[in-house]
Amino acid sequence: MSFIRVNEIQVKNYRSFGECQLITFPNADYKKPIAIVGYNNAGKTNLLNAILIGLTEKYINKETFNLDDFHNRNYENVISITSTLQSSEEQKTNSGTANLSGDHRLIMTLDDSEIINAKIESTFPDGSYNQTAAGAIKYYKVFYVNFHEIKKEISTKKTSWGNLTSFLAKFIKQTVISDNTMSDKKEIFNSKMKDLTDDVLDSSKLLDFINRIQTNYSYNLRNNNCKIDFCLPDYEDIFLEMIFKIGLNGDSENLIPIDHFGDGYISMFVMAVIQAIAESNDEDRCVFLFEEPESFLHENHQEYFYKMILCSLAEKGHQVIYTTHSQKMIDIFDTKGIIRLEFDDEKKQSKVTFNKYNLEFENIMGEKPYQLDKIHDFNNYIKIIEPNLNRIIFSKKVLLVEGPNDLLVYKELIKKRVCEKANNEKYADTYLNFNNIAIIPHHGKITALVLVELCKHLGVEYFIVNDFDLPKELLEKLDFESLDQLHSSIFYKEEIDSINCIGSKGEPLSTKTKRSMLTTNFNLIQAAGKSKIHFNVPRLEEVIKYDSNDKNSFKIWETIRSADFKDDGLFSENLLSFLEID
């Protein structure tokens with residue numbers, strides 16, 4: 001059984017990566033796929049390429065790299081890629097063994113702007129030089145599929161240099177060479193095909209044409225006695241010249257080449273190919289690398305691909321690493337398998353913002369929070385949690401607001417503020433999307449606590465806008481270092497009883513209710529941090545001077561769209577800084 005796995009990789013000065021970034025992958029006990037996520041230009045594709053280099057999958061020499069591969073296109077930024085692999089020891093075809101366990105470092109030698117040499121230097125885990133690593137990758141199974149170029153991935157043709165580029169061609173070639181049953185039939189096949197070809201050509205115009213070519217060619221070569229044969233490719237290459245054809249709706253007579261179909265149809269064919277590869281490698285443990293497999297798939301098929309293909313491969317012990325933009329292609333409840341990249345606008349480089357390969361989300365919260373229990377509180381999960389979780393991981397920043405009216409108000413007012421600055425209504429309308437800022441209603445302070453913890457866990461910047469639901473004087477007094485200090489204070493035990501508070505329905509609040517609301521607000525302040533929360537006191541409706549408790553969205557819309565409306569009190573300096581409007 002051959003086995004190969006990437007344990008970690010360090011990347012420095014390679015394309016969008018500047019400062020050294022270390023990515024560690026979960027160990028072989030982790031039976032789930034590993035997602036690389038990030039905004040456009042975050043460096044996802046560059047990381048996949050670095051992994052291929054680290055796997056020694058690519059033949060490395062001085063021609064492999066050019067100026068564009070150096071960070072900031074500067075030869076002084078010498079590329080450094082080091083992978084740590086784990087593999088079985090395999091017997092080579094001729095003699096010796098293949099072993100890729102240990103470190104593999106890209107070593108480059110430059111003279112000013114000229115690359116003198118580039119090679120991979122391999123060492124065993126004990127630091128000793130690994131001579132068995134040279135050319136060893138062909139004894140292991142690594143499959144890279146770029147779904148952006150899906151038609152190329154089903155092409156089995158060789159390039160003009162005689163190389164195979166698609167994962168399908170490499171697998172077919174490897175299968176033909178390693179299949180003893182086929183090898184035993186090689187001579188029989190060649191003999192029969194020669195006889196059949198001769199029979200078909202016998203007395204034909206094509207044979208006469210070939211003979212004329214031979215006569216003229218011999219004459220042109222000064223009567224050199226050469227032999228020309230019009231025949232099939234070599235045995236191993238015949239199977240690379242064959243093509244897959246599809247009979248629609250069971251029609252076996254009229255077959256259509258697979259590359260005549262659309263990219264979405266071909267993507268589903270590739271799914272079947274990947275499944276077949278995994279099924280035919282029950283004993284081997286492979287590495288599968290996928291570039292945005294959702295590229296041409298309907299969103300329902302995206303979820304199918306994730307669960308039926310990616311998860312199934314990982315469950316069988318294969319290492320599956322893929323890039324994605326799709327919420328359907330990740331499991332947010334298992335963050336061990338998520339690697340998050342961002343592009344640092346100040347330093348102009350890719351950076352890893354999340355790679356907690358040994359920490360699950362539920363562990364950072366202690367007991368698994370009730371709000372995340374999909375079984376016991378399925379109704380709230382579907383309404384509140386499920387629509388928001390995946391949006392967070394794909395966003396650079398998250399603005400958490402209380403409910404639909406808050407969402408309505410803040411989206412419109414952010415648009416107005418941006419339009420005043422940029423004098424471009426279309427840009428203002430897409431400002432949040434362009435800057436990868438998600439605005440999410442959390443529908444309650446307890447739920448907000450869960451989403452805040454998720455943002456903190458994932459390293460996503462967040463800000464909360466909430467109704468305080470109590471008078472301003474209570475907010476001003478809410479300055480305690482701990483919940484115990486709050487609960488033991490005279491303010492909480494006695495003073496709060498004398499402060500008159502009216503609820504959203506116009507009824508006075510009991511002391512018990514006031515204490516409960518203060519505790520909830522204090523917990524939110526403690527979890528988020530004072531600088532990352534803005535309270536509308538006591539509620540959004542009062543701040544925008546909407547004098548009704550009916551929460552009518554249309555009337556609220558009319559209120560904030562009126563010519564004399566001022567958004568005073570809705571934006572704090574911290575919130576404006578978070579939104580980067582100024």
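The values are calculated or read from the model by the stated rules, or taken from the named source; none is laboratory data. Fair warning: this is a prediction, and the values are worked out from it, not measured in the lab. In this analysis, Cβ positions are derived from the backbone assuming ideal geometry, glycine residues included, and neighbour counts consider all displayed protein chains. The area values use the complete protein model at the heavy-atom level, side chains included, leaving out ligands, DNA and RNA. Shrake-Rupley method; radii C 1.70, N 1.55, O 1.52, S 1.80 Å.
Structure values in brief
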{"item": "Residues listed by number, segment 31-69, amide nitrogen under 17 Å from residue 110 label point at 7 Å toward C-beta", "result": "61-69"}
{"item": "Span-like helix ranges in the chain, DSSP H, alpha carbon extent 18 angstrom or more, Kyte mean at least 0.5", "result": "263-279, 445-458"}
{"item": "Cα gyration tensor category, rounded, prolate or oblate, for segment 478-582 with a/c compared to 1.5", "result": "oblate"}
{"item": "Segment residue 311-residue 572, extension gain: residue separation times 0.36 nm, minus the distance between their alpha carbons", "result": "89.5 nm"}
{"item": "Pairwise centroid distance, computed over Cα atoms, of segment 488-503 with segment 183-240, Å", "result": "100 Å"}
{"item": "Cα extents of the chain along the three principal axes, largest first (Å)", "result": "115, 58, 51"}
{"item": "Rounded to the nearest 10 Å², the accessible area of residue 149 at probe 1.4 Å", "result": "80 Å²"}
{"item": "Gain upon complete extension [residue 424, residue 184; 0.36 nm per residue less C-alpha separation]", "result": "79.2 nm"}
{"item": "Gyration tensor verdict on segment 1-120 (Cα atoms; rounded if a/c is under 1.5, prolate if a/b is larger than b/c, oblate otherwise)", "result": "oblate"}
{"item": "Solvent-accessible ranking of 68, 198, 467, 564, largest area first, probe 1.4 Å", "result": "564, 68, 198, 467"}
{"item": "Solvent exposure, largest accessible area first (probe 1.4 Å, DNA, RNA and ligands not counted), of 93, 64, 447", "result": "93, 64, 447"}
{"item": "Accessible-area value, residue 193, 1.4 Å probe, nucleic acids and ligands omitted, Å²", "result": "60 Å²"}
{"item": "Measure of compaction for segment 205-335 (Cα Rg per 2.2 N^0.38 Å)", "result": "1.69"}
{"item": "Contour excess over end-to-end distance, with Cα ends at residue 300 and residue 580 and 0.36 nm allotted per residue", "result": "97.3 nm"}
{"item": "Distance from segment 1-42 to segment 256-301 (C-alpha centre basis), Å", "result": "22 Å"}
{"item": "List 501, 419, ordered by accessible area with a 1.4 Å probe, largest first", "result": "419, 501"}
{"item": "Segment 63-133: GluC sites (Glu not before Pro) falling in loop per DSSP and having at most 15 other Cβ within 10 Å", "result": "63, 76"}
